[in-house]
Amino acid sequence: MTPSVQAVPLPPVAAEVVAGAVEGLTSRLSKKLDAAIEKYGAVAPTPVAPDDGGEAGIGVRCGEDAVVVLSPGPSGTVTDPAQARCTCLLAPRCLHLAAVLGACPVAGPESAPESAAEATDSTEAAGENAAPAPPTTESATPASVTPAASAAPARPPAPLSPVRIAAASGLWSAATAVLAAGVPAAGAIPQAELLRAAHTARLAGLHRAEAAALRVVRGLREARVGHAGHRLADLVAALRELLLTTGLLAAGDGAPELIGTARRGYRPGGALRVHGVCREPVISATGYGGVVTHLVSDDNRWFSVADVRPGGSARARGAATAPVTVGATVLDHAQLSRGGLLINGATVSPDGRLGSGKGVRSSPVAGLPWSSAPIAALFARRPAEAVADLLSTGAGAAEEGTARTGEPIGCDLVITGAVGDQLLARELPHPDAELPTGPLIRLMAAHPHPDLAHTANLRRLATRPGLRVRVVGRIDPDRAATLRPLAVGPVPGVEASLRLPPEWLDRADLGYDRLQGAHLPPPDVCPPTAPEHTGPDLLTDSPVWRVRRLTELAVAGGRRAVAESARNGGSRGDAAALRATGFHTAAELTGALSFEADRRTRDTFGRIRDDGTDRYASAWLAAAFHLTSTERALVRASWAAE
């Protein structure tokens, strides 16, 4: 009997390798590429042993006479066309090779997720943060539909080289073509053009634009195959970020926040003493898994240590006790989350990731309970103040804004009930307070994966209405007053609170530690709470859902879908409803988007002279950016509501 061969995942492939294979196809083969990607992408890859001097690799059988073999380099990524070969007679300009490469994950500058927040759906999108605005009015976004005017803060632009301007212009053109096509028509050919432009942007040092382009391609692929983890909102956010960045760069604005930095640009951090707060499991949509341990320094700055590698949920579970790679320390992540480190010669990335270079020296220090300084300072601020600070990053600094919104906050809450998969709570400003205050806060699982403990732990907490609990979590910037808890602990000096084992050091990591009945107080100890009525949602029930629907329709269906909606009177109804509720700028921007979608200029023979793709993309960008600004203001207001 022939032994069975275990299937292996396809390796990530560099953008320029995919683009080169697609560009090498004839027009006849190009028309068959999307169907071929779907066909060969469903074939299980298998390991291939070296033969006749060839290299070992991963093989995909494409019919009886053709096998595509991918031989990734030491990084696990296919970075050179020579690492991908096909046995058919047309290779390397063959359909088999282009289709298999098109089915592979797109590799970035570094394939592994940079942070736990990057690997989760709730914070994957790189959003622009808005200026403050009252919840009943609109943010002051200019009505102009030019890329630069629709989003740029008032500052003189820094000079930009002609090479970078040309690279940004090429990426803008590729992105506008994808927007006009929409998901159904943005197949392998438009994606390859976007990947080629992204590679050109990388060579020009436009890191932020390249990263946004790769996110768009990944989102398009997930949308076209119906990936379970795909969210249309994430694709919209990625395309908005790409158009915003390339539009400003193409206009000659060379501000550092628009150019971006290479990932993991570690800088000297000097001497640090950091204290463990909690662990967070990481499971990405691209097959990576691991753990991130969050730490706080003596001066109340957030840092993290990560161990994320290929492996998915199994890797995330196993990494809970993986060794920490900072200096020569002998701690693992479980010990570090309840301990600390004294580091000399520290290196730190812009998002607070601690490096492990040769000059880094570290030694373990005793852990601190959450009630001791400096960790106790996390719970001294009201949640509304902390959220307002996280959401106040300027619109031009999307990378910084994403890192800030992923920064954990601490708060003391009282559990008041549960609705579906949401745990309801209110702020508990003082340990002896009789009644909860502040807005109704929704607690949702940070990682709902069934292999992790988040969902089960929230259900356990829901059995004790009136329970006082100390929470460290990450805000959800796309939902009204929503917190994704990472860890919980007892409120000091309160009987109706958690009763955790001493070795847990007054905290439970919700992704790894499993709460039991013995960890909860008796039901009669918890003060009774009034039934909660969730009431209207400040974000979901806002009239701006009409703008969101139109901008998402543009991405999901393309320019033709927006034009068809305008012809059927949808834009007029939306504009009237928005004006009636005071959202006049939103009404103007949606009207401009609908007009541009159906506008064509023709010559005397009736031929299209100017398809208006740039004007259409600018109108969509203005509406999408204004929507983001308004929604961010509504989220801030939801945390401040009483």
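When a 1.4 Å probe is rolled over the protein heavy atoms, the share of accessible surface on the stretch 325-375 that falls to carbon and sulfur comes to 57 percent. Peptides 9-22, 519-532 ranked from most to least packed, by the mean per-residue count of other Cβ atoms within 10 Å: 9-22, 519-532. Structural descriptor for the chain: relative contact order 14 percent, calculated from alpha carbon pairs under 8 angstrom and at least 6 residues apart. Looking at the chain, the DSSP beta bridges with both ends there are about 90 percent antiparallel. For the chain, a simple Cβ point-charge model (Lys and Arg +1, Asp and Glu -1, everything else neutral) yields a dipole of about 720 debye relative to the Cα centre.
Between the stretch 323-391 and the stretch 455-534, how many Å separate their Cα centres? About 23 Å separates the Cα centre of the stretch 323-391 from the one of the stretch 455-534. Across the stretch 378-389, computed HN-Hα scalar couplings (Karplus, 6.51 cos²θ - 1.76 cosθ + 1.60, θ = phi - 60°) run 4, 9, 7, 8, 5, x, 4, 5, 5, 5, 4, 5 Hz from first to last residue, x flagging Gly and Pro. Rolling a 1.4 angstrom probe over the protein heavy atoms with all chains in place gives the stretch 155-245 an accessible area of 35 Å² per residue. A dipole drawn for the chain from +1 and -1 charges on Cβ atoms has a positive end, and of 312, 405, 512 the residue lying farthest that way is 312. Applying 1/(1 + (r/R0)^6) with R0 = 41 Å to the Cβ-Cβ distance of residue 456 and residue 90 gives a FRET efficiency near 0.15. Between the stretch 538-607 and the stretch 75-103, the C-alpha centres lie 42 angstrom from each other. A simple packing score, the average count of other Cβ atoms within 10 Å per residue, orders the peptides 76-82, 618-624 as 618-624, 76-82, with the highest score first. Could you tell me the distance between the Cα centroids of the stretch 180-231 and the stretch 278-298, to the nearest Å? If you average the Cα positions of each part, the centres end up 26 Å apart.
The values are calculated or read from the model by the stated rules, or taken from the named source; none is laboratory data. All of these numbers come straight from a predicted model, not from anything done at the bench. Note that each Cβ is placed from the backbone with ideal geometry, even for glycine, and that neighbours are counted across all protein chains shown. To get the accessible areas, we keep the full protein, side chains included, count just its heavy atoms, and leave off ligands, DNA and RNA. Shrake-Rupley method; radii C 1.70, N 1.55, O 1.52, S 1.80 Å.
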